[in-house]
Amino acid sequence: MAFFIYSAIKQNGNLSINWRRGHFDHIESLTRDLNNRNELLYKYYQLPAFLSFFYYLLFGHVSMGEFAEFCRTIALYRKSGFTEQQAVADLAETSKNPAFRRSLQEIYGYLVEGYNLDQALNMARIFPELVISVARVGGETGHLDQVMEDAAIYIDRTELIKSTFKRSLIHPTITLFAILSVIVFWLIMVIPQIADLFQSLHVPVPIETEILIAIGTFFGQWWQVFLLVLLGLPILIMWLRLWETPRYWTDRFLWHLPVVGSIISSTQNAFFFQHLALTYTVGVHIVKSLTLVRESLRNLFFRYRVDTIRDMIQSGQTLEAGFIETHIFEPIVLRMVGVGERSGKLDSQMQRLSEIYYEKTLKNVDILKQTLGPLIAIVLGIFFAFFMLAALGPVYELITKLPA
C-alpha cells in the first residue's frame, strides 16, 4: 500500500482545485476509484505509506473533534430547514484549520455538482467511515439530522475516553522515562568505570554485579543499535498494521490483554450497539445495519466477529444465535439481545447496551489510571533495588575493608 497525493479532472472537464491524498494498493486502484466517480487522474505523486504521517504533520490534520463539529452543524442546519450545502459553506468559512477548510470547500463543490452528502464525504477521503455510513443511512431514510447528531455524540464520547486514557498515562510515562534515563546513564557511563575498578583491584564480585556489568558492557558497545531499534519499532508496527493479517493478529492480541483489552472491547461494543440502535431505529434492515457498522469498526478481530453475526442471519438464524456464535459477548448481552429480538424492542435494548459499555469504558480507564502508577513504581522499585545492590554493594564492601 502506498500514499498518493493527486489531482483529478472532474466530469464537467474542470480541474479539481485542491490536491487530494489517500492510501491505495497501487496506481490502478487510484485510477479505478476515480473512474467510479467519473473523474480522470491528472497528476500524482506516489510515496511510501509511512510518509503520510509526516505529510499530515506538515500540512495539517483534521481532528475527530472537527468531525463531530461537522456532524452537529449538518444536524442543526437540517433541523432549521437549511440544506447541507449551506451548512458546509458556512462551516468552511468559519473553520480555522486550513486542511479542514480545503476539504470542506471540496465537499461543497461536489454537493453543488449534485452528489449526495455521503458521496461527497467519501470522495473527500478524509472523513472516517462512521460519518460516511451514517450520512448514507440518513440520506436513504430521511433522518439525516437525527443520525448526524447521534454520530456527533458518539465521536464526543470516544474522544472523551481517549483524552481520559491519555491523561492517565502522562504522569506514569514521565516517571518511567526519567527513571529509565537515569538507569541507562548509569549503565553506559558509570557501570563500565566500576567494572574497571574491580578488575584493577582483582576484587571478586557477586553474581548480581557480574550480571549488571554484562548489561552495562552490552549497552556501552551496542547503544546505537538499541536506540535504532527503539526508534524503528513504532514505525515497523505502523507499517505492519497497513496489512490485514498483521493488523488482525495485533488487534486480537490487544483485545485479550488485561485492562487495556477491556477498554478496547468496551469501547468497540459501545460504538457497535449505538450504531446498531441508530440505524435500526430509522428503519434500516438488521443485515444492512451490520454491514454498515462493520465498515466503521477499526478493530479487525471484532469486525470479523460481526461478519459471523451477519452471515448467520443471512442463513436464517436468529440475531441471538449469531451473537452466541462469536464467543466474545458477555451473557448480559446475549440475554438483552434475545429479549429485544423477541419483544420487538431491539433498538431500545441496543441503546441501553451502548450506555452500559460507555460507562464500563470510563470505569476501566479510571481503574487503569489508579493502578498503572503504583504498578510502575513497584516494578521500577524492584529493579532499582537490584541495581543499587549490584552496583553499590561491592563498592561499600570494598570501602569497609580499606582500613584493614
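The values are calculated or read from the model by the stated rules, or taken from the named source; none is laboratory data. Computed from a predicted structure; not experimentally measured. Positions of Cβ are backbone-derived with ideal geometry, glycine not excepted, and every protein chain shown enters the neighbour counts.
Exactly one residue out of Ile174, Ile191, Ile132 is assigned to a helix (DSSP H, G or I), at pLDDT 80 or above and closer than 30 Å to Trp223 by Cα: that is Ile174.
Here is a yes/no grid of residues against (1) closer than 28 Å to Leu169 by Cβ; (2) out of contact with any His (no Cβ under 8 Å at 6 or more places or on another chain); (3) touching a residue at least 60 places away in the same chain (Cβ under 8 Å):
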{"site": "Thr318", "(1), (2), (3)": "no, yes, no"}
{"site": "Met336", "(1), (2), (3)": "no, yes, no"}
{"site": "Val339", "(1), (2), (3)": "no, yes, no"}
{"site": "Asp347", "(1), (2), (3)": "no, yes, yes"}
{"site": "Tyr357", "(1), (2), (3)": "yes, yes, yes"}
{"site": "Lys363", "(1), (2), (3)": "yes, yes, no"}
{"site": "Ile382", "(1), (2), (3)": "yes, yes, no"}
{"site": "Ala385", "(1), (2), (3)": "yes, yes, no"}
{"site": "Val395", "(1), (2), (3)": "no, yes, yes"}
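Of the set (1) over 24 Å from Gln146 (Cβ atoms); (2) in a helix (DSSP H, G or I); (3) modelled with pLDDT under 85, all apply to His61 but (2).
Would you confirm whether any residue within region 160-168 is β-branched (Val, Ile, Thr), in a helix (DSSP H, G or I) and buried (at least 21 other Cβ atoms within 10 Å of the Cβ)? No - not one qualifying residue is present in region 160-168. If you filter region 278-289 down to residues that are in contact (Cβ under 8 Å) with a residue 40 or more places away in the chain and part of a loop (DSSP other than H, G, I, E, B), you find that the one that is nearest to Ala321 (Cα to Cα) is Val284.
For Leu254, are the conditions met, namely being part of a helix (DSSP H, G or I), at pLDDT 85 or above, on the phi < 0 side of the Ramachandran plot and surrounded by fewer than 21 Cβ atoms within 10 Å (Cβ to Cβ)? Answer is yes for this residue.
The rows are residues; the columns are (1) loosely packed, with under 14 Cβ neighbours inside 10 Å; (2) touching a helix residue (DSSP H, G or I) at 6+ places or on another chain (Cβ under 6 Å); (3) assigned to a loop (DSSP other than H, G, I, E, B); (4) modelled with pLDDT under 90.
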position	(1), (2), (3), (4)
Tyr248	no, yes, no, no
Ser262	no, yes, no, yes
Gln268	no, yes, no, yes
Leu276	no, yes, no, yes
Thr291	no, no, no, yes
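Could you check region 109-143 and list, in sequence order, the residues that are in contact (Cβ under 8 Å) with a residue 60 or more places away in the chain, surrounded by 24 or more Cβ atoms within 10 Å (Cβ to Cβ) and over 15 Å from Glu295 (Cα atoms)? Within region 109-143, Gly138 is the sole residue that qualifies.
Counting only residues that are among the hydroxyl-bearing types (Ser, Thr, Tyr) and either free of Cβ contacts under 8 Å to residues at least 40 places away in the same chain or not in a helix (DSSP H, G or I) (or both), region 94-105 holds 2 of them. The set of residues in region 252-277 that are farther than 19 Å from Val293 by Cα, touching a residue at least 12 places away in the same chain (Cβ under 8 Å) and small (Gly, Ala, Ser) contains only Ser262. Remark: pairs (first residue in region 171-198, closer than 15 Å to Leu389 by Cα; second residue surrounded by 12 or more Cβ atoms within 10 Å (Cβ to Cβ); Cβ separation under 6 Å; 6+ apart in sequence or on different chains) = Leu187/Gly216; Leu187/Phe219; Ile191/Gly216; Ala195/Ile213. Taking the condition β-branched (Val, Ile, Thr) and farther than 24 Å from Arg157 by Cα, does Ile132 pass? No. Candidates in region 106-128 are the residues that are at pLDDT below 85 and in a helix (DSSP H, G or I); of these, the one that is farthest from Val62 (Cα to Cα) is Val112. Number of residues in region 8-41 that are modelled with pLDDT of 80 or more, of a type outside the set (A, V, I, L, M) and not in a helix (DSSP H, G or I): the value is 0. For region 214-235, the condition of being over 30 Å from Pro192 (Cα atoms) and either touching a helix residue (DSSP H, G or I) at 6+ places or on another chain (Cβ under 7 Å) or not assigned by TED's automatic domain parsing to the domain that holds Phe329 (or both) holds for at least one residue.
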